[in-house]
């Protein structure tokens with residue numbers, strides 16, 4: 001066994017070389033010693049075995065669980081009662097105790113047997129430590145040294161003897177590396193591989209630019225300036241939208257620095273990639289105008305209908321190429337930065353499109369009398385431009401005003417139409433019971449093929465289907481496989497379904513009282529019952545007049561809706577629960593189908609049943 005100094009020196013060298021903690025190395029050695037003991041004595045894996053290593057002397061001690069017996073027949077698994085009392089004075093026969101069982105020549109045997117196991121366990125611990133460390137570094141910038149490079153990727157040496165991979169598509173275009181070059185990159189992804197963690201690096205990702213800004217601009221690092229969005233085309237151009245979280249702070253100036261010293265350091269790191277720093281604004285019109293910079297914008301007109309967010313940007317003739325950028329790069333980055341689809345037009349092109357729209361839409365022209373009056377003048381200016389004749393600044397101003405007037409009115413019309421649709425949907429929803437939106441479509445009892453078609457179309461509840469039929473029936477009728485018969489089946493099933501009663505709220509609980517007919521005493525069999533007394537003599541006279549004049553059922557509903565109120569007695573007889581007596585309605589208004597009139601009839605008791613007779 002090695003001396004104290006020799007073992008401690010070797011142990012510390014391993015710690016320094018592997019960059020692992022003391023506990024991890026000791027755990028690997030102890031686990032290897034347990035494996036060596038099992039192999040040396042041929043112990044079962046079911047037996048509990050422990051090993052202890054003294055980090056100062058390197059002394060290895062092995063403990064095994066054994067059964068207490070009177071006479072030991074198998075030393076590997078049994079111990080005498082006397083030997084067990086040395087460890088546990090309260091041990092009894094049949095108990096299981098953990099006792100020291102280090103073999104006499106275990107030092108040499110363990111050194112030979114456990115060498116490979118120790119190396120394997122150390123490698124596993126090293127990989128696990130690397131995986132945990134670099135997983136925490138995901139999204140952060142790290143530096144490394146180029147070890148090898150080819151057309152597919154570059155291998156980067158990192159801390160803890162790990163290796164990262166920088167794929168070709170994550171490099172900045174036209175970037176070339178040499179072996180031993182020190183580079184910085186952001187950790188894009190960390191995956192567990194058979195040979196250790198696979199660390200994917202990137203210099204083209206927008207988060208690389210974000211972390212560079214955090215490193216160079218203290219205001220961003222401390223949260224005084226916030227990065228709202230980044231759009232980047234590596235090696236060419238990038239746009240960054242920033243916002244100050246404290247009053248009195250210039251976010252753009254903080255990022256640029258004095259004489260551009262901060263931004264220039266980042267541009268140098270990115271191989272002269274141009275970076276536009278713009279101030280974020282809550283108003284999309286202002287935000288989009290700034291995103292188009294360095295071009296000057298004459299007007300921005302938004303259209304956000306049915307989730308299609310489109311911004312029409314109008315610029316002067318001399319600003320058109322600058323707004324679009326080389327190969328559409330500036331417009332493309334602005335669209336990524338703002339999240340809006342951007343359509344850039346010159347003022348001449350926009351005026352021509354609007355002029356054609358007004359000529360083809362007289363209704364729109366009628367809502368814009370001032371623009372309609374200016375149309376001849378606009379046509380004259382556009383004709384001059386088409387003939388390459390000079391156009392004065394005043395005429396360009398007139399074109400811009402014409403475009404702005406019509407675009408604003410068009411936007412207003414679209415917003416009004418959208419509000420009208422929203423109100424129509426809200427009104428339709430108010431007429432649909434709220435319970436319908438919780439009832440699955442299966443409860444409607446549709447034919448199987450119709451049900452499958454509706455489910456595939458995205459209908460989940462009965463309420464969804466009713467809302468679609470009320471707001472846009474063609475949406476259902478236009479589905480493949482749905483025809484008039486299918487629509488008839490859907491409408492019949494909806495008409496037949498009964499929804500649970502709506503919960504009574506404070507607003508809906510106030511209901512106008514409905515006059516009910518007074519109860520009458522039951523008359524003996526064969527006698528004519530007394531007429532029901534009305535609450536008001538005037539009401540009875542009105543009923544008589546309606547019946548005599550032959551009022552239609554619809555007119556009667558409009559004039560006296562209380563007759564048809566829900567909850568009114570519908571049966572011929574009802575039982576008074578308190579008195580135990582029966583109440584009989586003496587008269588009733590019914591529709592005579594032959595005469596097409598509402599008449600009053602009385603009920604007389606004859607035999608076992610009641611017979612209705614006209615008065």
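The table below lists the values:
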| item | result |
| --- | --- |
| Any hit, the stretch 327-347, residues being within 27 Å of the chain's Cα centre (by Cα), free of Cβ contacts under 8 Å to residues at least 24 places away in the same chain, surrounded by fewer than 20 Cβ atoms within 10 Å (Cβ to Cβ) and on the phi > 0 side of the Ramachandran plot | no |
| Unique match (being under 17 Å from residue 172 (Cβ atoms), in contact (Cβ under 8 Å) with a residue 40 or more places away in the chain and touching a strand residue (DSSP E or B) at 6+ places or on another chain (Cβ under 7 Å)) among 232, 210, 206 | 232 |
| Single unsatisfied condition, residue 56 versus (1) in a helix (DSSP H, G or I); (2) in contact (Cβ under 8 Å) with a residue 40 or more places away in the chain; (3) surrounded by fewer than 16 Cβ atoms within 10 Å (Cβ to Cβ) | (1) |
| Residue list for the stretch 307-316, filter: without any contact (Cβ under 8 Å) to a residue 40 or more places away in the chain and either touching a helix residue (DSSP H, G or I) at 6+ places or on another chain (Cβ under 9 Å) or assigned to a helix (DSSP H, G or I) (or both) | 309, 311, 313, 315 |
| Filter pass, residue 389 being part of a loop (DSSP other than H, G, I, E, B) and either at pLDDT below 90 or out of contact with any helix residue (DSSP H, G or I) (no Cβ under 8 Å at 6 or more places or on another chain) (or both) | yes |
| Test result for residue 354, within 19 Å of residue 408 (Cβ to Cβ) and assigned to a helix (DSSP H, G or I) | yes |
| Residue that is loosely packed, with under 12 Cβ neighbours inside 10 Å, under 60 Å from the mean Cα position of the chain (by Cα) and either outside any strand (DSSP E or B) or at pLDDT 85 or above (or both), where the choices are 23, 30, 90 | 23 |
| Cβ-Cβ under 6 Å pairs, at least 6 apart or on other chains, the stretch 62-85 side buried (at least 19 other Cβ atoms within 10 Å of the Cβ), far side assigned to a loop (DSSP other than H, G, I, E, B) | 62/101; 62/102; 64/101; 66/77; 68/91; 68/93; 68/95; 84/91 |
| Test result for residue 425, outside the structural domain of residue 380 (by TED's automatic domain parsing) and either modelled with pLDDT of 90 or more or surrounded by 17 or more Cβ atoms within 10 Å (Cβ to Cβ) (or both) | no |
| Subset of the stretch 212-233 that is in a strand (DSSP E or B) and under 21 Å from residue 202 (Cβ atoms) - its residue that is nearest to the chain's Cα centre (by Cα) | 229 |
| Residue list for the stretch 215-228, filter: surrounded by fewer than 18 Cβ atoms within 10 Å (Cβ to Cβ) and either more than 29 Å from residue 156 (Cα to Cα) or at pLDDT 95 or above (or both) | 222, 223, 224, 226, 228 |
| Residue among 188, 209 that alone is outside the structural domain of residue 334 (by TED's automatic domain parsing) and within 25 Å of residue 291 (Cβ to Cβ) | 209 |
| Complete set of residues in the stretch 276-293 that are surrounded by fewer than 16 Cβ atoms within 10 Å (Cβ to Cβ) and within 25 Å of the chain's Cα centre (by Cα) | 282, 283 |
| Matching entry among 371, 351 (being surrounded by 17 or more Cβ atoms within 10 Å (Cβ to Cβ) and modelled with pLDDT under 90) | 371 |
| Candidate set: the stretch 455-466, residues that are closer than 15 Å to residue 493 by Cα and in a helix (DSSP H, G or I); chosen: the one nearest to the chain's Cα centre (by Cα) | 464 |
| Among the candidates 453, 494, residue that is over 30 Å from residue 349 (Cα atoms) and at pLDDT 85 or above | 453 |
| Residues located in the stretch 234-243, provided they are buried (at least 18 other Cβ atoms within 10 Å of the Cβ) and either in the same structural domain as residue 174 (by TED's automatic domain parsing) or assigned to a strand (DSSP E or B) (or both) | 237, 238, 239, 240, 241, 242 |
| Boolean, residue 414 is without any contact (Cβ under 8 Å) to a residue 40 or more places away in the chain and surrounded by 11 or more Cβ atoms within 10 Å (Cβ to Cβ) | no |
| Qualifying residue in the stretch 248-260 (condition: in contact with a strand residue (DSSP E or B) (Cβ under 8 Å, 6 or more places away or on another chain), crowded, with 20+ Cβ neighbours inside 10 Å and under 30 Å from residue 402 (Cα atoms)) | no |
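Table: residues versus (1) surrounded by fewer than 16 Cβ atoms within 10 Å (Cβ to Cβ); (2) outside any loop (DSSP other than H, G, I, E, B); (3) in contact with a strand residue (DSSP E or B) (Cβ under 9 Å, 6 or more places away or on another chain).
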| site | (1), (2), (3) |
| --- | --- |
| 139 | yes, no, yes |
| 145 | yes, yes, yes |
| 160 | yes, yes, no |
| 166 | no, yes, yes |
| 186 | no, yes, yes |
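The values are calculated or read from the model by the stated rules, or taken from the named source; none is laboratory data. Computed from a predicted model, the values in this text were never measured in an experiment. All Cβ positions, even for glycine, are placed from backbone atoms using ideal geometry, and neighbour counts span all protein chains on display.
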